[in-house]
1. Within the group L197, L206, L128, L202, which residue is within 23 Å of A109 (Cβ to Cβ) and without any contact (Cβ under 8 Å) to a residue 24 or more places away in the chain?
2. Are any of the residues in segment 318-327 modelled with pLDDT under 95 and of a type in the set (S, T, Y)?
3. Quick one: would you say S299 is polar (S, T, N, Q), modelled with pLDDT of 95 or more and within 16 Å of the ligand (Cβ to nearest atom)?
4. State all residues of segment 170-201 that are near the ligand (Cβ under 10 Å from one of its atoms) and within 15 Å of R278 (Cβ to Cβ); if no residue qualifies, say none.
5. Any residue in segment 271-291 that is more than 13 Å from the ligand (Cβ to nearest atom) and closer than 27 Å to K198 by Cα?
6. Mind listing whichever residues of segment 138-187 are outside any loop (DSSP other than H, G, I, E, B), under 22 Å from I246 (Cα atoms) and β-branched (V, I, T)?
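The values are calculated or read from the model by the stated rules, or taken from the named source; none is laboratory data. Here the structure is a predicted model, which is why all the values come from computation and not from measurement. Cβ placement follows ideal geometry from the backbone for every residue including glycine, while neighbour counts extend to all protein chains displayed.
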Amino acid sequence: MSKIDFYHVNYENLVINLEPSMNQNHPFRQDTYFGLTVDVLGAGKNCGLRMARGPLPTCRPSHIAIRGEQSTESHMARRKLVYEGKAKILYEGPEPGTLVQYFKDDATAFNAEKKDIVEGKGVLNNRLSEFFMTGLNTLGIPTHFIKSLNMREQLIRAVEIVPLEVIVRNYAAGTMSKRLGIEEGTALPRPIVEFCLKDDSLGDPLVSEEHIIAFNWASQQDLDDMLALALRVNDFLSGVMYGVGIRVADFKIEIGRVYEGDYQRLIIADEISPDSCRLWDLKTGEKFDKDVFRRDLGSLTDAYAEVARRLGVLPENPVPIGKPTLIN
Ligand code: C5P
């Protein structure tokens, strides 16, 4: 393998990250452009993200610019793995107190009983989570997101994860419908916040505030802060998505603790993406979230790409592949 680990190619206004060391086990649909093997995500109007993998060309084509030879930003092999979860990997970051969060294409449901590789999911979730977290940061709702690194990775603040999943529900669905016998799609009288213990071996059980305090998973002050954060995220997400014709039926967030001098505070961590939300078209009710995978309703990538397209994080109209230009 060459020492070069990060290419940046601009095909007119399509930016292509070439990350040869990345996730080689999960082939994308491949095309060849200018002698390079390029992974193509999406099709037709959604075709806009391309990523190359596999062996580097033995000689660098003259139109390819190289950014950051020996960069550690996108070279996974040299980095220290901190944690690997079902959909993401965390690597040690470049500065103390930072991590690199890598989004995989693995899709799991029903506590990992159902599994698959969904081509391009990681790229879309990285982009969408960046979009939502940036919006929250801008509004003063603190998150772990620092900056995007490339199509699958973002730099985040290291946090101590509170061992609770915080679920906000606006419409009945999923386990709430099952547990309480409320028809899916029923509007709830107000947003309802639930806490589940993060424990895969127990199936992330729903827990009460009494449990949380008694077992010391979080303090009363933490609970008050988490509730306030969750409702602020709900207002933001519901508003943004309503603007693009999508209803946020429910979502899950994770919350992390950061220490700043003598103080500690809670910030939004993990990811916000269609993997962790229920997103329904306002008019038709079509699902654009992980239920497409859970219930075998069609292409998960198409569903997530539709969310990305409506939010403007994918190009509305594909740019025909023209002659590439050197950008640095
Ligand atoms: O399964 P349930 O109906 O409780 O899920 C509520 C919301 O939380 C859904 O949007 C689901 O995608 C999300 N969730 C999640 N991770 C879990 C459990 C739920 O992202 N472990």
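1. None of the other options fit; the residue is L202.
2. Scanning segment 318-327 turns up at least one residue that is modelled with pLDDT under 95 and of a type in the set (S, T, Y).
3. no
4. Answer for segment 170-201, where residues must be near the ligand (Cβ under 10 Å from one of its atoms) and within 15 Å of R278 (Cβ to Cβ): A172, A173, G174, T175, M176, S177, K178, E184, E194.
5. Looking for residues that are more than 13 Å from the ligand (Cβ to nearest atom) and closer than 27 Å to K198 by Cα, one finds none in segment 271-291, hence no.
6. T138, V166, I167, V168, T175
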